[in-house]
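K.L.:
Could you have a look at this structure, given as structure tokens, before my questions?
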């Protein structure tokens, strides 16, 4: 089982690397999901996610999450072939947490170099985005 820290990682790049590893058969745990970032204009990103949440109905969906850990999990899900059994099995091997749970504090926490945020401005964290979507974070 690999433990990956999402602190200051770009959401899409992190999700693509994780999806590839899941399809190869690894079990992956992502911690600090609320600290992952989305690069771009802050207000454009917020409006895009609000529009996505307003599509559809409560009964039929599509269902978009508010919480940072669920947003990251949903992003990885979009990069997996969910109509195939291999994609569904890979998705079950993924666990995402906000913060670092006690059971993973002593584990080796890996940082993915390809997903690091090197830009100094023009980004929003998943915690900020979740607050704009109406999530109640601790």
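K.L.:
Can you list residue pairs whose Cβ atoms sit under 9 Å apart, with the first residue in the stretch 97-114 being touching a residue at least 12 places away in the same chain (Cβ under 8 Å) and on the phi > 0 side of the Ramachandran plot and the second being surrounded by 12 or more Cβ atoms within 10 Å (Cβ to Cβ) and outside any helix (DSSP H, G or I)? Count only pairs 6 or more apart in sequence or on different chains.
P.N.:
Short answer, once both residue conditions are applied: 99/31; 99/32.
K.L.:
For the stretch 68-97, how many residues are over 13 Å from residue 27 (Cα atoms) and under 10 Å from the mean Cα position of the chain (by Cα)?
P.N.:
11
K.L.:
I'm trying to understand the selection: among the residues of the stretch 46-62, which are over 15 Å from the mean Cα position of the chain (by Cα) and surrounded by 11 or more Cβ atoms within 10 Å (Cβ to Cβ)?
P.N.:
Those that are over 15 Å from the mean Cα position of the chain (by Cα) and surrounded by 11 or more Cβ atoms within 10 Å (Cβ to Cβ): 46, 47, 48, 50, 52, 53, 56.
K.L.:
When the residues of the stretch 20-45 are narrowed to those that are in a loop (DSSP other than H, G, I, E, B) and crowded, with 18+ Cβ neighbours inside 10 Å, which ends up nearest to the chain's Cα centre (by Cα)?
P.N.:
36
K.L.:
Please identify the pairs in which a residue from the stretch 43-61 that is touching a residue at least 24 places away in the same chain (Cβ under 8 Å) has its Cβ atom under 9 Å from the Cβ atom of a residue that is exposed (fewer than 10 other Cβ atoms within 10 Å of the Cβ) and assigned to a helix (DSSP H, G or I), counting only partners at least 6 apart or on another chain.
P.N.:
none
K.L.:
A further question on this structure: In the stretch 5-18, which residues are touching a strand residue (DSSP E or B) at 6+ places or on another chain (Cβ under 9 Å) and either in a helix (DSSP H, G or I) or surrounded by 22 or more Cβ atoms within 10 Å (Cβ to Cβ) (or both)?
P.N.:
Once the filter is applied, which keeps residues that are touching a strand residue (DSSP E or B) at 6+ places or on another chain (Cβ under 9 Å) and either in a helix (DSSP H, G or I) or surrounded by 22 or more Cβ atoms within 10 Å (Cβ to Cβ) (or both), the stretch 5-18 yields 6, 9, 11, 12, 13, 14, 17, 18.
K.L.:
Would you check if residue 70 is at pLDDT 95 or above, buried (at least 17 other Cβ atoms within 10 Å of the Cβ) and touching a strand residue (DSSP E or B) at 6+ places or on another chain (Cβ under 8 Å)?
P.N.:
So residue 70 fits the description; yes.
K.L.:
Next up: Hey, does the stretch 62-81 have a residue that's touching a helix residue (DSSP H, G or I) at 6+ places or on another chain (Cβ under 8 Å), over 26 Å from residue 105 (Cβ atoms) and not in a loop (DSSP other than H, G, I, E, B)?
P.N.:
yes
K.L.:
Right, next: What number of residues in the stretch 73-85 are loosely packed, with under 13 Cβ neighbours inside 10 Å and in contact (Cβ under 8 Å) with a residue 60 or more places away in the chain?
P.N.:
The number of residues fulfilling the criteria is 1.
K.L.:
Let me ask another. Which one of the conditions (1) more than 18 Å from the chain's Cα centre (by Cα); (2) assigned to a helix (DSSP H, G or I); (3) under 16 Å from residue 9 (Cβ atoms) does residue 128 fail to meet, given that it meets all the rest?
P.N.:
The failed condition is (1).
The values are calculated or read from the model by the stated rules, or taken from the named source; none is laboratory data. Computed from a prediction, not measured in an experiment: that's the story for all the values here. Heads up, the Cβs are rebuilt from the backbone with ideal geometry, glycines too, and the neighbour counts pull from every protein chain shown.
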